[in-house]
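Encoded as structure tokens, the structure appears first; notes follow it.
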Amino acid sequence: MAGEGQVEERGREYRRRQPEGTVLYEAVRENLATLLEAASEVGCGLPRYVERDFARYLECGVLAHGFARVRCESCKDELRVAFSCKGRGVCPSCNAKRAHVTAAHLVEGVLPRVPYRQWTLSFPHRVRWVLLKDVGLLSDVLTVFLRAVFALQASSLQARNCGHFWSLKQVRRRRARRPRQRSGRSG
């Protein structure tokens, strides 16, 4: 039976990540209470989801906050795998996992197997907060942006005698959402 960190002949090594040993974890653990207090003194504090994401981050990947026991049927080796927070914005491990899963979903199930171009719309932080709180305004802004991109793409596609274009809209917000596909036709 292999111990933690050893590799069997045909297996892969599993190494538990140890977030509690990182600089980010220490900074959040040592300063979160001060941040929350300062935010509440300035105004009404941070949104609840931000506080919740920080709290979950401090538990993410830490065995003391829960784990699953995984057992290999062939070699009978057992590992403890700590639960993850699946949060957004704070936890680098969960953000990387989400980015990987989203990219795989797009490549395998959404994007056609043709060349495509990526357009990114970004805003200054003050505008982001306004758009975060006003979903209708965000939708209107994205619609105007997509119309401009569609017009540019349509003129380009007509020049090359192509007839189809489409867009993928993904808004990075606090809740996970699957990207939506929008079709259009030039000409």
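One table, with the values for the structure above:
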quantity	calculated
Selected residue (criterion: surrounded by the most Cβ atoms within 10 Å (Cβ to Cβ)) from residues of segment 120-143 that are part of a helix (DSSP H, G or I) and of a type in the set (Gly, Ala, Ser)	SER139
Some residue of segment 102-110 being closer than 26 Å to GLU13 by Cα and at pLDDT below 90	yes
Subset of segment 73-88 that is surrounded by 15 or more Cβ atoms within 10 Å (Cβ to Cβ) and in contact (Cβ under 8 Å) with a residue 40 or more places away in the chain - its residue that is nearest to GLY21 (Cα to Cα)	ALA82
Positions within segment 16-46 being touching a residue at least 60 places away in the same chain (Cβ under 8 Å) and assigned to a loop (DSSP other than H, G, I, E, B), in sequence order	ARG16, ARG17
Of all residues in segment 71-102 being assigned to a strand (DSSP E or B) and more than 26 Å from the chain's Cα centre (by Cα), the one that is nearest to ARG48 (Cα to Cα)	LEU79
Any hit, segment 57-67, residues being out of contact with any helix residue (DSSP H, G or I) (no Cβ under 8 Å at 6 or more places or on another chain) and charged (D, E, K, R)	no
Checklist (1) touching a residue at least 12 places away in the same chain (Cβ under 8 Å); (2) part of a helix (DSSP H, G or I) applied to GLY61, failing item	(2)
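The values are calculated or read from the model by the stated rules, or taken from the named source; none is laboratory data. Bear in mind the structure is a predicted one, so any value in this text is a computation, not a measurement. Cβ: placed from backbone, ideal geometry, glycine included. Neighbour counts: every protein chain shown.
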